[in-house]
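Here the structure is laid out as structure tokens; the discussion comes afterwards.
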């Protein structure tokens, strides 16, 4: 049994060989798969599921993710005949001259946006082997770059010059109360390498300026955004008074919360993740859901949420009767389970993966699984094997 990977941003097969992929058993959820013409035959030999995009390049290409700056200093040191694949954005600096570009025999492959001073557009286009994106001309200062998380407010806009090209490498949230007139004046283009969140009533203005290499979340007007995983109990639920909430993260509802408490707290729930609630409250939740495809899981008595943990059979034995276990990320079970170890628990909900040491344990666990979100059970070859998850770039 070979190596397993999940949630890979870029799967780089440019230098891959028969030997380098030999130990790969499975790869789940790949954003971008990049391979060369010479080893294209290897792609169908890999067990890869859920690929967002594929691009074929030359074998000797150099890879770069995020924002790639081309300025005068870069052109002085870059090797001739170099080919660079950029997954993200390229900014050609205003200090670059036409002569500098023409003197260098370099080429680019771009999956994303290219910012170039208008007088260099022709020279830049001659350097592109291929592009899956847009070439944007700019005059004056180069685009404003923001890395990480940006909360775009009226105050932020007031600090920008008029007609700014804004490039965000990360996550941007447009404030619900931002001055849209000011946004229209201050931002000429909004390019995202990552994720953008904005409200539905802002869409007519935002969409006309927007280019995305990533994801967008559109929030309904009047909804409060819950940006982190939420655990509701009888005390903190009192802060909500007929609130409309929006979230991309899980919501956990404590058994101390009554049907009446839920009904009084929320008028609407728009969730892009899942909700775990006590038995007898699910019908109230379904009435509140704006997204009918939302997963609602139910537990009988109590629950425990597991992220990145390693358990043994003794961990299961110590759980209270009728406990529901929800796997969020990854649970590794390092010994063999018996029916007696888990007979007393209510069920297991798979919103993540379980790694087990043998088929016997897998079969026993399956009998306790009646609700599943995206998870699977994997049998490890030995006790040291793990599934690697959330990888920016995987090079084989």
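Quick one: is residue 294 in contact with a strand residue (DSSP E or B) (Cβ under 6 Å, 6 or more places away or on another chain), modelled with pLDDT under 90 and surrounded by fewer than 19 Cβ atoms within 10 Å (Cβ to Cβ)?
Yes.
Using the structure shown, decide if residue 7 is touching a strand residue (DSSP E or B) at 6+ places or on another chain (Cβ under 7 Å), assigned to a loop (DSSP other than H, G, I, E, B) and surrounded by fewer than 19 Cβ atoms within 10 Å (Cβ to Cβ). No, not satisfied.
Residue 268 passes all but one of (1) buried (at least 16 other Cβ atoms within 10 Å of the Cβ); (2) in a loop (DSSP other than H, G, I, E, B); (3) within 30 Å of the chain's Cα centre (by Cα); which number fails? So residue 268 meets the others, but not (2).
Has the range 135-157 got any residue that is assigned by TED's automatic domain parsing to the domain that holds residue 72 and assigned to a helix (DSSP H, G or I)? No: zero hits. Looking only at residues of the range 120-138 that are in contact with a helix residue (DSSP H, G or I) (Cβ under 7 Å, 6 or more places away or on another chain) and surrounded by fewer than 17 Cβ atoms within 10 Å (Cβ to Cβ), we find that the one that is nearest to residue 34 (Cα to Cα) is 135. Summed over the range 241-253, residues that are within 18 Å of residue 298 (Cα to Cα) and in contact with a strand residue (DSSP E or B) (Cβ under 6 Å, 6 or more places away or on another chain) total 4. Quick one: is residue 215 in the same structural domain as residue 285 (by TED's automatic domain parsing) and over 21 Å from residue 157 (Cα atoms)? So residue 215 does not fit the description; no.
Which members of the range 190-235 meet the condition of being out of contact with any strand residue (DSSP E or B) (no Cβ under 7 Å at 6 or more places or on another chain) and within 21 Å of residue 111 (Cα to Cα)? Selection gives 207, 208. Highlighted here are the helices (runs of 4 or more DSSP H) found entirely within the range 279-387 that include at least 2 residues which are closer than 30 Å to residue 220 by Cβ, assigned by TED's automatic domain parsing to the domain that holds residue 261 and in contact (Cβ under 8 Å) with a residue 12 or more places away in the chain: 282-288.
Which one of these is touching a strand residue (DSSP E or B) at 6+ places or on another chain (Cβ under 7 Å) and closer than 21 Å to residue 98 by Cα: 142, 146?
That would be 142, the only listed residue that is touching a strand residue (DSSP E or B) at 6+ places or on another chain (Cβ under 7 Å) and closer than 21 Å to residue 98 by Cα.
The values are calculated or read from the model by the stated rules, or taken from the named source; none is laboratory data. No experiment lies behind these values; they were computed from the predicted model shown. Neighbour counts are summed over all protein chains in view; Cβ atoms, including those assigned to glycine, are modelled from backbone coordinates with ideal geometry.
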